Amino acid sequence: MTTLENCVKVTQEEVVDRQAVLLVELDDDDVAPYLDQAYRRVVQKTAIPGFRKGKAPRSIIESFLGKERLVSESLDNMLPAVTQKAIENQELETSGTPRLELLDLDPVTVKATVPLKPLVDLGSYLDIRVDEEVIDITDDLIDERLEDLRVRDAAWEPVERPVNYGDRVIMQVVGHIGDDTILDSEDAEYLVDKEGNLPFEGFSENLVKAESGKPIEFYLTIPDDYADARMAGKDVHFRVIVKEIKERKLPELNDEFAKGIGDGFETLADLRKNTESDLRTEAERASETKYRENALDELVAGANFEFPPLLIEHEIEHMVERRDQFAGQMNFTLDEYFKFTGKSEEEHQEEMRGHAIERFSRSYALSTLSENEELVISDEEIQEKVQQLRDTETQDGGKVKESDLTRPEVQASIRESLLVEKAMERLLEITKDQMDSKIDNESEVPGDEPEKLEEESDDS
């Protein structure tokens with residue numbers, strides 16, 4: 001048993017599953033400051049005969065309401081505060097909010113289950129190697145991009161023929177399920193897409209060969225797994241009158257077309273060269289993103305983690321709150337939301353658990369790598385990042401407030417984000433097998449003791 005500065009008694013039980021259990025017992029002197037705070041709140045809203053509201057002494061309030069009422073009123077402030085002191089006293093490295101359980105009011109005794117910092121073993125992470133993707137910009141890829149540009153700039157022209165795939169039509173459309181009308185539009189504009197499935201799969205197929213001004217009727221069966229359970233598995237009767245048919249007229253792929261593109265290229269060859277350059281830049285960015293993801297996946301796959309259950313449970317609770325808020329914004333009840341997603345509450349919880357473990361695995365893998373590699377963020381790096389943020393516009397078009405950037409918690413957040421990025425860069429050096437060459441380059445600096453520098457680089 002240990003004792004805090006203010007005589008709060010703390011007993012730490014055995015650590016199980018990376019969670020420490022603390023029993024915190026407070027005597028009257030410990031509780032007194034919190035009772036004073038509770039008294040000042042309660043006296044303002046309690047009418048005592050013979051006293052004006054807010055003027056009754058504490059002893060009178062205690063006699064009138066009972067000391068237990070003041071203790072209960074003070075718990076929301078007292079328990080987190082004394083628990084935090086107990087954690088600091090035990091020098092525990094925590095990873096989340098403790099779970100508190102009030103065991104007794106006389107004396108006030110609380111049980112705190114504290115999630116500790118996860119244990120992470122990265123294994124042989126220095127041996128991780130990830131192959132880089134070979135980027136090959138073929139003529140076919142360039143042709144596809146140029147074709148996209150032709151489609152983008154194509155004109156739609158009316159035609160006097162039946163509907164084909166790829167046409168754009170104006171139509172009157174009415175859809176019924178029994179006596180219920182589910183769709184009624186006088187001038188619906190619709191792209192007859194062979195791969196499309198709106199409003200239901202098979203709709204476009206039934207429009208093909210339709211003639212302007214001639215009604216057509218057909219039935220479609222809604223899939224059993226349709227998001228709206230009220231319509232799932234039912235037959236829809238459609239009546240459609242095509243009013244206008246337009247086909248896309250693609251421009252010729254020549255120098256004139258190239259000149260009409262936004263950047264105004266002189267020739268088709270110039271446009272083709274620029275297109276190849278754009279494709280290569282996009283491919284390199286995508287390849288680097290994929291490489292970073294693969295490298296991090298390999299780091300996590302080779303590591304062993306021991307997470308405190310409370311850390312995962314709290315994250316799931318946050319996910320549930322965000323999900324419920326989203327469902328509310330969509331005007332869904334939870335039952336309707338479950339039907340829409342096709343998943344039960346248990347399936348949602350299990351999915352959230354997987355996401356939480358994945359997120360923490362990645363985060364703690366990188367933070368552990370930064371510790372292993374003794375990476376640090378200098379004050380100069382923080383100030384450089386702060387300067388960048390000063391120049392960043394906020395969503396409302398203003399500038400980030402200087403006072404916000406100097407707050408300790410903001411500075412700590414900046415340091416943490418920079419450290420994560422530095423850890424990621426070190427991981428990429430490892431997976432690309434660049435560590436030895438990097439050490440050699442760092443050793444090749446002017447100095448009076450080249451032999452000593454060489455020995456140090458060998459040792460490292």
Within the range 269-281, can one find any residue that is small (Gly, Ala, Ser) and surrounded by 15 or more Cβ atoms within 10 Å (Cβ to Cβ)? no
Note: among His355, His314, just one is without any contact (Cβ under 8 Å) to a residue 60 or more places away in the chain and within 30 Å of Lys117 (Cα to Cα), namely His355
Out of the residues in the range 375-412 meeting the condition of being assigned to a loop (DSSP other than H, G, I, E, B) and hydroxyl-bearing (Ser, Thr, Tyr), tell me which one is modelled with the highest pLDDT. Ser378
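Does Glu160 satisfy the criteria of being more than 30 Å from Arg285 (Cα to Cα) and surrounded by fewer than 11 Cβ atoms within 10 Å (Cβ to Cβ)?
The answer is yes for Glu160.
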For the structure I just gave you, tell me whether Asp184 is open to solvent by 60 Å² or more (accessible area, probe 1.4 Å), free of Cβ contacts under 8 Å to residues at least 40 places away in the same chain, closer than 30 Å to Glu282 by Cα and not polar (S, T, N, Q). no
Does the range 230-241 hold any residues that are part of a loop (DSSP other than H, G, I, E, B), aliphatic (A, V, I, L, M) and surrounded by 15 or more Cβ atoms within 10 Å (Cβ to Cβ), and which are they? Met231
Which numbered condition in (1) in a strand (DSSP E or B); (2) polar (S, T, N, Q); (3) more than 39 Å from the chain's Cα centre (by Cα); (4) closer than 19 Å to Glu244 by Cα is the only one that Thr181 fails? (4)
Checking Gly166 against (1) within 30 Å of Phe257 (Cβ to Cβ); (2) at pLDDT 95 or above, only one condition comes out false. Which one? (2)
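The values are calculated or read from the model by the stated rules, or taken from the named source; none is laboratory data. Keep in mind that this is a model prediction, so the values were computed, not measured. Neighbour counts are summed over all protein chains in view; Cβ atoms, including those assigned to glycine, are modelled from backbone coordinates with ideal geometry. When the accessible area is computed, the model is the full protein with side chains, heavy atoms only, and any ligands, DNA or RNA have been set aside. Shrake-Rupley method; radii C 1.70, N 1.55, O 1.52, S 1.80 Å.
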